[in-house]
Structures are given as C-alpha cells and as structure tokens.
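Here's the structure, in structure tokens; my notes come after.
The values are calculated or read from the model by the stated rules, or taken from the named source; none is laboratory data. Bear in mind the structure is a predicted one, so any value in this text is a computation, not a measurement. Methodologically, a virtual Cβ is constructed for each residue, glycine included, from the backbone with ideal geometry; neighbour enumeration extends over all protein chains shown. What goes into the accessible areas is simple: the full protein's heavy atoms, side chains included, and nothing from ligands, DNA or RNA. Shrake-Rupley method; radii C 1.70, N 1.55, O 1.52, S 1.80 Å.
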Amino acid sequence: MIIGEIDGRVGRITLDRPEAHNALDQAAMRALRGMLDEWAARDDLRALVITGRGRSFCAGAALGDVAGQDWSDNPLTAACDALEAFPAPTIAALNGGVYGGGVELALAADFRIGVAGMRAFAPPARLGIHYEPAGIRRAVDRLGAQAARRMFLLAETFDAEALLAMGFLDRLVAAERLDAAAGEMTAALDGLAPLAVRGMKRTIRELSRGTLDAEAARARVAACFASADHAEGLAAQREKRPPRFEGR
C-alpha cells in the first residue's frame, strides 16, 4: 500500500489503501520507513511529497494492529521520525481526513497543504490510549502546547478552517487544486540552493528540539559561503537571471 515514485528531483509517496482510509498496519509502517531511509541517502532530491488516495490522507494505525501487536518498538514513531529527519524538505499533500497517527505523520512533514472539507482529530483518549510521547512532542513543536492539549486531552475535532488558523495547515485549497498546489511548492523548492535549504532544515529541526550542534551548524554556514551555488546565486543576481543551482 506504499507506492513510491521519483520524478526528476521530486520524490512522491502515496498511501494506497483507500478502502480503509489509508490506515497503516505494521508492515506498511516499516515499508514507509524503509523507503524514506533509502531515499534519504540520495543527494539529488530537492523535495518529497507524501499523500494518500481516496477520501482520507491517513487514519493512523490499522485497528486490528492496535490490540494485537507489540508496540514497545513503535514502527509508526520510527516512520514519522524518518520523515521528520528526511534531508530534503517534505510536503504532506493532505487529500482528505487526518486521523489518529495520521495526524502525527502529517505533522512530521515540513509543510502541509489541506483541502476544503477535511477534518483532523486524534482519538487516543476516547480509546483509553496514552499516545506516544514522540508524537505529542511533534504536536507541541509544530502547534504549541495549548493546541496539543485541545488535540490530545479534549480529543477535539478540527475542521479545515480551524486547522489553517492554528497553523496545522500552511495552505488550504480546493480538492481539485491539491496536486497543483503541491507542484507549485516543489517547483519553488527546486529553484532554491539545496545545500542551503537542507542545512537550514537541519538547523531548524535541531533548534526546535534543543539539540543544536553549534559547531556543525557553523560548518554548514561556512560550506554554503564557499559553495559554487553561492557564487552562482551572486552571479545570477548580478546578471538578472534565474540561478541554476547544482547542490555543490
């Protein structure tokens, strides 16, 4: 149910189990993580899009797996960690509803584009489940502690407009515009200097988690100043033309 394709410098992962609202069993979670780990080793990707097929983006863990499997080593957390740590910017193109662990998967992406009429909620408190701390941390990091309280303690359902207002969504579009909106964002990313973008993504992630390696961050800054891409950016500005960045 995990379909991956690479088109030029953009990767695309599609959750393809629409009859179950793209709920993920443990095998699918591991397959998703494996694909992300494999693609993370590539230095040619400028962006990654993750989306779903059907009326929902993702309904989190398949219900049959929740009670019947060992969750001490949570494969959904591992997949979300891999998406969050992916070197290139990631976009969750939310084709519909986002439920349970699907909320965490969406929050693990750098950007989220939603569609009119979508909803999101996290139901663990309705089921007597304490959600994984890593997932709650992602919600606090992206949305703030109070929004996380509404999401996990109240098990509140948020409509598309509320998701946009609280910062869960970066953009809200009509359903028929979702692919075009994701394409516009990937095109913008593709036109930027990848060394700078990847380096700043890592710095932002480390700052938000309080794990910044200051020396490594300074090395990334110095590497960008010394790069051919920096020289190309200055030349393009002087010559009033679009830059042609090569990631070196």
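The single condition among (1) under 24 Å from Ala93 (Cβ atoms); (2) part of a helix (DSSP H, G or I) that Leu169 does not satisfy is (2). Could you list all residues from the stretch 186-214 that are in a loop (DSSP other than H, G, I, E, B), more than 17 Å from Phe245 (Cα to Cα) and either open to solvent by less than 30 Å² (accessible area, probe 1.4 Å) or of a type outside the set (S, T, N, Q) (or both)? Within the stretch 186-214, Gly210, Leu212, Asp213 meet the criteria. Would you call Ala217 under 24 Å from Arg138 (Cβ atoms), under 28 Å from the mean Cα position of the chain (by Cα), at pLDDT 95 or above and surrounded by 10 or more Cβ atoms within 10 Å (Cβ to Cβ)? Here the answer is yes, as Ala217 does meet what is asked.
Within the stretch 142-151, the set of residues being in a helix (DSSP H, G or I) and either among the small types (Gly, Ala, Ser) or at pLDDT below 95 (or both) comprises Ala145, Ala147, Ala148.
Of all residues in the stretch 3-35, those satisfying the criterion of being outside any loop (DSSP other than H, G, I, E, B), open to solvent by less than 30 Å² (accessible area, probe 1.4 Å) and closer than 18 Å to Gly114 by Cβ are Ile13, Thr14, Leu15.
With respect to the conditions (1) assigned to a helix (DSSP H, G or I); (2) touching a Leu at 6+ places or on another chain (Cβ under 8 Å), Gly183 lacks only one, and its number is (2). Whether any residue in the stretch 231-241 is open to solvent by less than 60 Å² (accessible area, probe 1.4 Å) and in contact (Cβ under 8 Å) with a residue 60 or more places away in the chain is what I want to check. Checked against the condition, which is being open to solvent by less than 60 Å² (accessible area, probe 1.4 Å) and in contact (Cβ under 8 Å) with a residue 60 or more places away in the chain, the stretch 231-241 yields no hits at all.
Counting residues in the stretch 143-155 that are on the phi > 0 side of the Ramachandran plot and either in contact with a helix residue (DSSP H, G or I) (Cβ under 6 Å, 6 or more places away or on another chain) or touching a residue at least 24 places away in the same chain (Cβ under 8 Å) (or both) gives one or more. May I ask you to verify whether Met166 is out of contact with any helix residue (DSSP H, G or I) (no Cβ under 6 Å at 6 or more places or on another chain) and open to solvent by 30 Å² or more (accessible area, probe 1.4 Å)? It is false that Met166 is out of contact with any helix residue (DSSP H, G or I) (no Cβ under 6 Å at 6 or more places or on another chain) and open to solvent by 30 Å² or more (accessible area, probe 1.4 Å).
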